Every structure is written in structure tokens, then in C-alpha cells.
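The structure under discussion appears below in the form of C-alpha cells.
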Amino acid sequence: MTDQREAVIVRWPGQGPCEEAGLAELLAAYHLRTEAEKGEAVADADGLPDRYRAEISDPRTAFADDVVLVALSGDTAVGCLVVKAPVGGRSEAKRLWTDPAFRGGGIASALVSAALAHCAESGVSTVGLSVWKWRAGAIGLYERLGFTVTESWDERDQLVCMERAV
């Protein structure tokens, strides 16, 4: 396995097709894990809801207006984060995922930090995100990076909404 400290963050679409394929694999893993955690496990990406399958099959179109950050270890995509296009000075971070084999090396923190830097450069004043309440590790990471729990803008049960000023 490649040393985790070698991971670099790139804005996608990047240099080549490996990033696009890698991003699709990361998104599939993210959605499959999320559905399983919600008690709605499916065998493969074909069993996911249409909106998630669309992200996986064509991330370039699904995130055409957004900034996608991909963490690469060599030519391998090992993490991702989507920063939604800003609306009224506010952006939302979504789909934070690190390949389980690469966790613990600071990739998620680096992705969130890169997203915050991008938002600051773009004039965004606030970044929001939502996370399932059972993802205590992710909530802890967000809190360490300055996010605080805020009133929910999403009506799904067990979803925690967080935000921070940029």
C-alpha cells in the first residue's frame, strides 16, 4: 500500500480518467455504506436510488456546477468531497469519503480544509454540511475543524446539520 502521507488533494476534473473512475468508485462506496447504515443495504450500486446511481455513473454531469475535491495517492483516488455551488454566500459540503484502507492519515481533514480554502477564495461566508448522527467520528472531525451544530435545514430523521463561518 502507498504511504498515506503521499496523498494530495486535486480539484476534479483533473489530469486523467483514473480520477473520474476513482471518484465513481468512492461515491459508490459512500452510498452503499450509507444505505447499509440506514438499514437499507443493497448488494451493489444498481440497487441504489436513482439520484445516487446518477452521481456514480456520471459524476461530471451530477456535479457540473460544483467543485469536487479528490485525494490521490499516486494515481489512486482515496478520498473525495463535493462543494456545492454557492447560493447567497453559502456553500454546502457533501459526500466526504475516505477509502477505509487510507483512514487515519489526515485525508478527510485535508479535504475539508481544502474545501474551506476554496470557499474563502470564492467569497463564500458560510459552509454547511449534514451528517448522520451515528457517524460520531465524522461529527468529531467537523467539530475539530470549527463546525457547530445548527438548526436543521433537512427534514430527514437522524441527520445533524452543522456549519461554520469561512
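Observations, loosely collected:
- Phi-based couplings in Hz for the range 137-143 (Karplus 6.51, -1.76, 1.60; Gly and Pro marked x): x, 5, 4, x, 4, 4, 4
- Our coupling estimate for the range 92-109, obtained by passing each phi through the Karplus curve with A = 6.51, B = -1.76, C = 1.60 and θ = phi - 60°, is 10, 8, 9, 6, 5, 8, 10, 3, x, 5, 10, 6, x, x, x, 5, 4, 4 Hz, Gly and Pro reported as x.
- Relative contact order of the range 41-91, pairs being alpha-carbon contacts under 8 Å that are 6 or more residues apart, as %: 23
- Debye, to nearest 20: dipole size of the chain, +1 on Lys, Arg Cβ, -1 on Asp, Glu Cβ: 480
- In terms of packing, defined here as the mean over residues of other Cβ atoms within 10 angstrom, the peptides 105-118, 41-54, 139-152 line up highest first as 105-118, 139-152, 41-54.
- Evaluated at q = 0.28 Å⁻¹, the base-10 log of the normalised Debye intensity for the range 123-166, with identical point scatterers placed on the Cα atoms, takes the values -1.01.
- Legend: translational diffusion of the range 90-166 by Stokes-Einstein, Rh = Kirkwood radius over C-alpha pairs, 20 °C, 1.002 mPa s; D = 166 µm²/s.
- Under the criterion of Cα pairs below 8 Å and six or more residues apart, the relative contact order for the chain equals 19 percent.
- Per residue of the chain, the DSSP helices (runs of n ≥ 4 H) give a summed -39500 (n - 2.57) that works out to -10500 deg cm²/dmol at 222 nm.
- Among beta bridges identified by DSSP and lying wholly in the chain, the antiparallel ones come to about 85 percent.
- Debye log10 I(q)/I(0) for the chain, one point scatterer per Cα, at q = 0.08, 0.19 Å⁻¹: -0.22, -1.39
FYI, it's all coordinate maths here, none of it is from the lab. Only a predicted model underlies this, so the values are computations on that prediction, with no experimental measurement involved. Methodologically, a virtual Cβ is constructed for each residue, glycine included, from the backbone with ideal geometry; neighbour enumeration extends over all protein chains shown.
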